[in-house]
1. For the full complex of protein chains and a 1.4 angstrom probe, list S62, S8 by accessible area with the highest value first.
2. Step by step: find N for the chain, compute 2.2 N^0.38 Å, then divide the Cα radius of gyration by it. What's the final number?
3. Highest mean first, what order results for 52-60, 20-28 on Cβ atoms within 10 Å?
Amino acid sequence: MPNCPSLSSCPFFNDKMCSRPALAEMYKKRYCKGNYEICARFKVSKALGKEHVPNDLFPNQSDKAENLINRK
Ligand code: SF4
């Protein structure tokens with residue numbers, strides 16, 4: 001699986017969101033450098049556009065992502 005195409009611009013990947021480094025590393029491995037298509041941020045960005053991704057949305061918050069997508 002290739003890296004997420006948003007890697008360079010994503011606030012989560014660039015450590016602007018998570019104050020728990022160990023947790024952030026785990027998510028980066030799982031989503032950003034693993035299966036990015038299941039990342040909540042990626043899903044919202046793909047469906048609605050980058051500008052609709054909430055600043056505080058974490059990669060594992062799929063339910064929140066689905067709600068945002070379905071609300072539109
Ligand atoms: S948090 Fe999601 S959108 Fe951001 S780089 Fe990682 S996989 Fe991509």
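1. Final ranking, largest accessible area leading: S8, S62.
2. Against the compact-globule rule of thumb, the ratio is 1.01.
3. So the order, starting with the most tightly packed, is 52-60, 20-28.
The values are calculated or read from the model by the stated rules, or taken from the named source; none is laboratory data. All values reported here derive from a predicted model rather than from experimental measurement. Neighbour counts run over all protein chains shown; Cβ positions are idealised from the backbone, glycine included. Side chains included, ligands, DNA and RNA excluded: accessible areas come from the protein's heavy atoms. Shrake-Rupley method; radii C 1.70, N 1.55, O 1.52, S 1.80 Å.
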